[in-house]
1. Using a cut-off of 20 Å between alpha-carbon atoms, which aspartates and glutamates can reach Lys98, once sequence neighbours fewer than 8 places away in the same chain are excluded?
2. Evaluate the distance, in nm, between pseudo-label points positioned 7 Å from the Cα of Thr65 and of Asn140 along their respective Cα→Cβ axes.
3. Using θ = phi - 60° and the Karplus form 6.51 cos²θ - 1.76 cosθ + 1.60, what ³J(HN,Hα) does each residue of segment 91-106 get, whole Hz, x for Gly and Pro?
4. Please report the carbon-and-sulfur percent of the accessible area for segment 42-101; probe 1.4 Å, protein heavy atoms only, DNA, RNA and ligands left out.
5. Given (1) 31, 17, 15; (2) 29, 18, 14; (3) 26, 23, 12 as candidate values of semi-axes √(5λ) of the Cα gyration tensor in Å, which corresponds to the one derived from the coordinates?
6. Residues of segment 4-151: accessible area per residue at 1.4 Å, in Å²?
7. For n ≥ 4 DSSP H runs only, could you compute -39500 (n - 2.57) per run for the chain, divide by its residues and tell me the 222 nm figure to the nearest 500?
8. Please give the length that would be gained between Ala27 and Val155 if that part of the chain were fully extended, namely 0.36 nm times their separation in residues minus their C-alpha to C-alpha distance (nm, one decimal).
Amino acid sequence: MDNKLMMRQSHSYKAEESFTVFGSLTAGSDLMNGILEECEKHNIRSGIVSCIGSLKEVGYVLFKTMNGLPSGYGNEIKIDKPVELVHCTGFICEDEKKELDLHLHGLVVTEHGELSGGHFIRGENPTLITVEFSITTSKNIKASREYDEDLRFKVINFTI
C-alpha cells in the first residue's frame, strides 16, 4: 500500500424512535464498564454517550503515525492522580463478535490545570466522586465497530 489511505464512503441515517437515558456512576465504578452495564440494563446496543465527572486515575491511548499516516495506537498513557472529566463523548456499538463495545474519547484536567486526553481504555478509569452521563439511542440504527483493512483501524459502520 502506498502513502495514501483508501477512502471509505461517508454515510448517515436518520434516527427514528429515539430516546435518552440519564444517569450517574458511583465512586469506584469504571467509566466504560459502568456505562456499558447501564446499556445492558436498558437493552441499548447502539447510541451516543456524553458525560462529565471526576476520575481517580486515567488510562488512555493516542494514535501514532508512520510517514504521516495512522499506524495504530501508542503505549498506554496513565495519570495516577485524580482528574476532572471536563468532556467525554463516544459511540456505543457491537464489535466483530457482536459483543457490546464503547469507543470513548475525553478530556481531563488535573487540579493544577494540566489538560490531557485521548481514547479511553476499558477498565482503567475508576470514578472518583461521580460521573453523570446521558445516552441517546434509536431502535432503528445499528452501529458495528469492525477492522477496516484499507484504513488499518477499527471504524464504526452505521446501518438501519
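1. Candidates past the 8-residue exclusion: Glu37, Glu38, Glu40, Glu146, Asp148, Glu149.
2. Each label point is offset 7 Å from its Cα along the Cβ direction, giving 3.9 nm.
3. Values per residue, Gly and Pro as x: 10, 8, 7, 10, 8, 4, 8, 6, 8, 4, 9, 9, 9, 10, 10, x Hz.
4. Numbers: 1780 of 3320 Å².
Looking at segment 42-101 in its full context, I get 54 percent from C and S.
5. Matching entry in (1) 31, 17, 15; (2) 29, 18, 14; (3) 26, 23, 12: (3).
6. 58
7. Numbers: 1 runs with 11 residues, N = 160.
Value at 222 nm, helices only: -2000 deg cm²/dmol.
8. Details: separation 128, 0.36 × 128 = 46.08 nm, distance 3.12 nm.
The Ala27-Val155 span can extend by a further 43.0 nm.
The values are calculated or read from the model by the stated rules, or taken from the named source; none is laboratory data. Small disclaimer: the values here were computed from a predicted structure and weren't measured. Note: ideal-geometry Cβ built from the backbone for every residue, glycine included; neighbour counts use all protein chains shown. Only protein heavy atoms, including side chains, enter the accessible area calculation; ligands, DNA and RNA are left aside. Shrake-Rupley method; radii C 1.70, N 1.55, O 1.52, S 1.80 Å.
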